[in-house]
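*Asks:* Below is one structure. I have some questions about it.
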């Protein structure tokens with residue numbers, strides 16, 4: 001059973017680190033208790049898109 005959102009917080013930290021944004025810029029927008037989640041990431045859209053593209057090998 002989830003331990004008070006610990007998995008969501010770990011996901012937010014992981015994504016923030018991977019994209020080089022502050023932890024506060026990443027939040028679970030939907031699916032907090034579901035397996036599939038929607039994240040909200042604050043920042044420059046073009047820079048975020050470049051980071052995501054680089055991470056995906058594109």
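This table checks each residue for (1) surrounded by 11 or more Cβ atoms within 10 Å (Cβ to Cβ); (2) on the phi < 0 side of the Ramachandran plot; (3) at pLDDT 95 or above; (4) not in a strand (DSSP E or B).
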| site | (1), (2), (3), (4) |
| --- | --- |
| 4 | no, no, no, yes |
| 7 | yes, yes, no, yes |
| 11 | yes, yes, yes, yes |
| 14 | yes, yes, yes, yes |
| 24 | no, yes, yes, yes |
| 27 | yes, yes, yes, no |
| 51 | yes, yes, no, yes |
| 57 | no, no, no, yes |
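*Asks:* Would you please name the residue that is surrounded by the most Cβ atoms within 10 Å (Cβ to Cβ), looking only at residues in region 33-42 that are touching a residue at least 24 places away in the same chain (Cβ under 8 Å) and within 12 Å of the chain's Cα centre (by Cα)?
*Replies:* By that ranking, first place goes to 41.
The values are calculated or read from the model by the stated rules, or taken from the named source; none is laboratory data. For clarity, every value in this text was computed on a predicted model and none was experimentally measured. Using ideal geometry, Cβ is built from the backbone for each residue, glycine included, and neighbour counts are taken over all protein chains shown.
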